[in-house]
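Asks: Here's a structure for you.
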Amino acid sequence: MNPALDLPTMETPIFPGKETAMLKLKVQDMSCGHCASTVRKAVTSVDPAAEVTVDLPSGTVTVESAASEASIGEAIRAAGYRNETLTA
């Protein structure tokens, strides 16, 4: 007997009822791979399903997440990095 798996699909998102938003942040003093990893971990501690892209040369982080802008910014600050939201 094989029980049916209830896995998320495009029709059933991981966070039902939560839409994701794209956020771009300027992160101060992020200069190496370890810094990038620390920032990624900070963001995914708030939203494990977040898509995080780090651009070290420009010092920016792009996040697609269902978490609030404030909670993402605070997580990055708690990891030791000052940050500010960039406008699109």
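Asks: When residues of the range 41-88 are filtered for being within 17 Å of Thr20 (Cα to Cα) and not in a loop (DSSP other than H, G, I, E, B), how many remain?
Replies: 18
Asks: Anything in the range 45-84 that is touching a residue at least 40 places away in the same chain (Cβ under 8 Å), within 21 Å of Gly33 (Cβ to Cβ) and surrounded by 15 or more Cβ atoms within 10 Å (Cβ to Cβ)? List them, or say none. Give the steps one after another, and end with the answer.
Replies: Filtering the range 45-84 for residues touching a residue at least 40 places away in the same chain (Cβ under 8 Å) gives 62-66, 69, 72-73, 76, 79-84.
Cutting the leftovers down to within 21 Å of Gly33 (Cβ to Cβ) gives us 62-63, 72, 76, 79-83.
Selection gives Val63, Ile72, Ile76, Ala79, Tyr81, Asn83.
Asks: I'd like to know if the range 7-20 contains one or more residues that are modelled with pLDDT of 95 or more, surrounded by fewer than 17 Cβ atoms within 10 Å (Cβ to Cβ) and not acidic (Asp, Glu). Before the answer, list the steps.
Replies: At the first step, the residues of the range 7-20 found to be modelled with pLDDT of 95 or more are none.
No, the conditions are met nowhere in the range 7-20.
The values are calculated or read from the model by the stated rules, or taken from the named source; none is laboratory data. The structure presented is a predicted model; accordingly, all values stated were derived computationally and were not measured. For neighbour counting, all protein chains shown are included, and Cβ atoms are generated from backbone atoms with ideal geometry for every residue, glycine included.
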